[in-house]
Amino acid sequence: MKRYFVDTNVFIDIIMKRDEKRFSQCSQFFQKVKLNKIKAATGSVILAELIWTLKSFYGIGKEEIARRIKSIIKLRGMKLVDNYDPLWAIALYQSKSIKYIDALIASIKPIQEKKWTVVSFDKDFDRIGINRKEPGKICLTLTS
């Protein structure tokens, strides 16, 4: 079974319900993760970006943020991976117009080797040749 690496914006969309369609897609995706129909992973850098965004941009308090982060970490079917290649990431960051965190995600070996797909709404991954799918498209693939 293929593994999917979940980017920050997918967590933001389910927590903040910014857009009803994206919220629904993310909900379906995480339900499939819980049921072990999808193998998912994320990283500490994603959790750090999520914490920073929820606190600084959305003004959410520490207790609520901690509760949300713990639920992600404990989510059945979710694995934490932190095997980044920072030298590869900084070279990618330097040569392309992308965020450093996106370069770190791209530096994970199974992502580089196209064994894993990044779950994200961020189209920057497309520009650097990383396999990326939105949660709704993954769920459609599983039901068809």
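Scanning region 69-86 for residues being touching a helix residue (DSSP H, G or I) at 6+ places or on another chain (Cβ under 9 Å), surrounded by 12 or more Cβ atoms within 10 Å (Cβ to Cβ) and either free of Cβ contacts under 8 Å to residues at least 12 places away in the same chain or basic (Lys, Arg) (or both) gives a total of 0. The residues listed here are ALA66, ALA106, ALA41; of these, the one that is surrounded by fewer than 17 Cβ atoms within 10 Å (Cβ to Cβ) and small (Gly, Ala, Ser) is ALA66. Is it true that PHE125 is surrounded by 15 or more Cβ atoms within 10 Å (Cβ to Cβ) and assigned to a loop (DSSP other than H, G, I, E, B)? Criteria not met by PHE125. Restricting the first residue to region 127-139 and requiring it to be under 10 Å from PHE29 (Cβ atoms) and at pLDDT below 95, which pairs with a second residue that is among the hydroxyl-bearing types (Ser, Thr, Tyr) and outside any helix (DSSP H, G or I) meet a Cβ separation below 7 Å and a spacing of at least six or different chains? What qualifies is ILE138/TYR4.
When region 15-36 is filtered for residues that are under 27 Å from LYS114 (Cβ atoms) and touching a Phe, Trp or Tyr at 6+ places or on another chain (Cβ under 6 Å), nothing remains. Residues in region 109-122 that are without any contact (Cβ under 8 Å) to a residue 60 or more places away in the chain and exposed (fewer than 14 other Cβ atoms within 10 Å of the Cβ): LYS109, GLU113, LYS114. Within region 4-29, the set of residues being closer than 14 Å to LYS133 by Cα and under 12 Å from the mean Cα position of the chain (by Cα) comprises TYR4, PHE5, VAL6, ASP7, THR8, ASN9, VAL10, CYS26, PHE29. Checked against the criterion of being touching a Lys or Arg at 6+ places or on another chain (Cβ under 9 Å), in a helix (DSSP H, G or I) and not charged (D, E, K, R), region 27-46 contains one or more residues that satisfy it.
For region 72-108, how many residues meet the condition of being within 18 Å of the chain's Cα centre (by Cα), of a type outside the set (Gly, Ala, Ser) and in a loop (DSSP other than H, G, I, E, B)? Summing the residues that are within 18 Å of the chain's Cα centre (by Cα), of a type outside the set (Gly, Ala, Ser) and in a loop (DSSP other than H, G, I, E, B) in region 72-108 gives 10. Please find, within region 87-98, the residue that is nearest to ILE38 (Cα to Cα) out of those that are loosely packed, with under 13 Cβ neighbours inside 10 Å and either in contact with a His (Cβ under 8 Å, 6 or more places away or on another chain) or of a type outside the set (Gly, Ala, Ser) (or both). For region 87-98, the residue satisfying everything is LEU87.
Against the criterion of being surrounded by 12 or more Cβ atoms within 10 Å (Cβ to Cβ), at pLDDT 95 or above, more than 15 Å from the chain's Cα centre (by Cα) and assigned to a loop (DSSP other than H, G, I, E, B), ILE60 qualifies. Being modelled with pLDDT under 95, within 15 Å of the chain's Cα centre (by Cα) and not polar (S, T, N, Q) is a description that applies to ASP124.
The values are calculated or read from the model by the stated rules, or taken from the named source; none is laboratory data. Just so we're clear, the structure is a prediction, and the values are computed from it rather than from any experiment. As a convention, Cβ positions derive from the backbone with ideal geometry for all residues, glycine included, and neighbour counts pool all protein chains shown.
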